[in-house]
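The structure appears below as structure tokens.
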Amino acid sequence: MMLERLTQSFGPSGREKEITQVISEYVTPFSDEVYTDALGNLIAHKKGNGKKIMLAAHMDEIGVAVTYIDEKGFLRFSKIGGLYQRRLLNRRVRFSNGFTGVIDTEENNKDYNIQKMYIDIGATDREQAEKMVSVGDMAVFEGEYKEEYGVIISKALDNRAGCYILIKVLEQIKSENDIYFCFTSQEEVGLRGAKAAAYSVNPEYALAVDVTDTGDTPNCPKMAVNLGGGAAVKVMDRSVITNPDVRIKLIELAKKNNIPYQLEIMTDGGTDAGAIHTSREGVKTGGVSVPTRYIHSPSEMVSKKDLEACIKLIKAFCESNL
Ligand code: CO
Ligand code: ZN
């Protein structure tokens, strides 16, 4: 199953080699050219004579990096991307070589200070630990892929769900437009890959495809996005106010094609749209998002119906007259 393989592949920001390999396997049969750049973006190009469109989904995931190994073999670490410190205790993390560690803290009052946390890889001392991992090694959450009753639960649905959607659009699309499917690097540390990709692609239109929060669980801020409520058409987030033409076009297409949709204003966090829309002399940029519960945890949750709605809407956008 493609989405399972995508979510379970290793790829913290700046270490996207494994996930890049997996995605290129899926996109190569459907693309005219596939290439990578110096920042680690993977770009699949489907040529056409029409408008130049950039679709962006980041492929990196949040994680941790080892900063120090102490004499007892415990690892100190820093965050790669937006980890919630108070939710880290006793989480499992996995290194690219397969070793698993458990996060805990030396604090008794549980102040959730990351400086006091450590990763326990079961080593007896520094010497043994250094045979297993090195300073600078990165690890990601462990979070098994489960499909139940219309929802999917896994680590890294942010943003392998977006990567899955782009691959599905590429497989199905019939369009005269000139479309660049960009699987971007280093989004979680500040939209870094998308900045370079937007410059080199130089598109007329762009859509960022990523996850967004929902407002439908007992413990969350009010927000008009529900799990299972359809594709979320981005109005704004902390990095972008989307282009009105693109936003209106997406809504029209959703209505015309009976694709369930909802309007998204995400107050926490940005997306690749933020880096793309200010590239060069500006790019008409919108966003289509997957409503997702428990973002940046090992147990992110999306609805299969929403994934389908996003695929249909993005495909309709790429096939439309812009
Ligand atoms: Co994220
Ligand atoms: Zn994301």
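The values are calculated or read from the model by the stated rules, or taken from the named source; none is laboratory data. Nothing here was measured: the structure is a model prediction, and the numbers come from that model. Note: ideal-geometry Cβ built from the backbone for every residue, glycine included; neighbour counts use all protein chains shown. These area figures cover heavy atoms from the full protein model, side chains too; ligands, DNA and RNA do not enter into them. Shrake-Rupley method; radii C 1.70, N 1.55, O 1.52, S 1.80 Å.
Hey, could you check region 172-206 for residues that are out of contact with any helix residue (DSSP H, G or I) (no Cβ under 7 Å at 6 or more places or on another chain), open to solvent by 30 Å² or more (accessible area, probe 1.4 Å) and away from ligand 2 (no atom under 16 Å from the Cβ) and say which is farthest from Ser320 (Cα to Cα)?
Filtering region 172-206 for residues that are out of contact with any helix residue (DSSP H, G or I) (no Cβ under 7 Å at 6 or more places or on another chain), open to solvent by 30 Å² or more (accessible area, probe 1.4 Å) and away from ligand 2 (no atom under 16 Å from the Cβ), the one farthest from Ser320 (Cα to Cα) comes out as Ala196.
For region 216-227, does any single residue satisfy the condition of being within 21 Å of Gln21 (Cα to Cα), away from ligand 2 (no atom under 16 Å from the Cβ) and open to solvent by less than 50 Å² (accessible area, probe 1.4 Å)? Write out each step before concluding.
Residues of region 216-227 that are within 21 Å of Gln21 (Cα to Cα), as a first pass: none.
Checking region 216-227: not a single residue is within 21 Å of Gln21 (Cα to Cα), away from ligand 2 (no atom under 16 Å from the Cβ) and open to solvent by less than 50 Å² (accessible area, probe 1.4 Å).
Would you pick out the residues in region 16-35 that are hydrophobic (A, V, I, L, M, F, W, C) and part of a helix (DSSP H, G or I)? Step through it out loud before you land on a result.
Keep residues of region 16-35 that are hydrophobic (A, V, I, L, M, F, W, C), which gives 19, 22-23, 27, 30, 34.
Matches in region 16-35: Ile19, Val22, Ile23, Val27, Phe30.
If you check Arg160, Arg94, which single one turns out to be open to solvent by less than 40 Å² (accessible area, probe 1.4 Å), touching a residue at least 40 places away in the same chain (Cβ under 8 Å) and basic (Lys, Arg)? Spell out the reasoning first.
On the way: Arg94 fails: open to solvent by less than 40 Å² (accessible area, probe 1.4 Å).
None of the others qualify; the one that does is Arg160.
Output yes when any residue across region 33-46 is of a type in the set (D, E, K, R), touching a residue at least 24 places away in the same chain (Cβ under 8 Å), open to solvent by 10 Å² or more (accessible area, probe 1.4 Å) and more than 25 Å from Ile153 (Cα to Cα), and no when none is.
At the first step, the residues of region 33-46 found to be of a type in the set (D, E, K, R) are 33, 37, 46.
When the remaining residues are screened for being touching a residue at least 24 places away in the same chain (Cβ under 8 Å), the result is 37, 46.
Adding the requirement that they be open to solvent by 10 Å² or more (accessible area, probe 1.4 Å) leaves 37, 46.
If we keep only those that are more than 25 Å from Ile153 (Cα to Cα) as well, we get 37, 46.
Yes, region 33-46 contains at least one residue that is of a type in the set (D, E, K, R), touching a residue at least 24 places away in the same chain (Cβ under 8 Å), open to solvent by 10 Å² or more (accessible area, probe 1.4 Å) and more than 25 Å from Ile153 (Cα to Cα).
Collect the residues in region 263-297 that are open to solvent by less than 20 Å² (accessible area, probe 1.4 Å) and more than 15 Å from ligand 2 (Cβ to nearest atom), keeping them in residue-number order. Explain how you work it out, then say what you get.
In the first step, residues of region 263-297 are kept if they are open to solvent by less than 20 Å² (accessible area, probe 1.4 Å); the result is 264, 266, 271-276, 279, 283, 285-292, 297.
Those that are open to solvent by less than 20 Å² (accessible area, probe 1.4 Å) and more than 15 Å from ligand 2 (Cβ to nearest atom): Ser279, Val283, Thr285, Gly286.
Would you pick out the residues in region 178-204 that are closer than 19 Å to Leu313 by Cα and in contact with a Leu (Cβ under 6 Å, 6 or more places away or on another chain)?
Our first condition is that a residue be closer than 19 Å to Leu313 by Cα; within region 178-204, this holds for 178-183, 204.
Scanning region 178-204 gives Phe181, Phe183.
In the set Gly50, Gly73, which member is part of a loop (DSSP other than H, G, I, E, B), away from ligand 1 (no atom under 16 Å from the Cβ), open to solvent by less than 40 Å² (accessible area, probe 1.4 Å) and within 30 Å of Val27 (Cβ to Cβ)? Even if it seems obvious, please write down each step before you answer.
Working: Gly73 fails: within 30 Å of Val27 (Cβ to Cβ).
Result of the check over Gly50, Gly73: Gly50.
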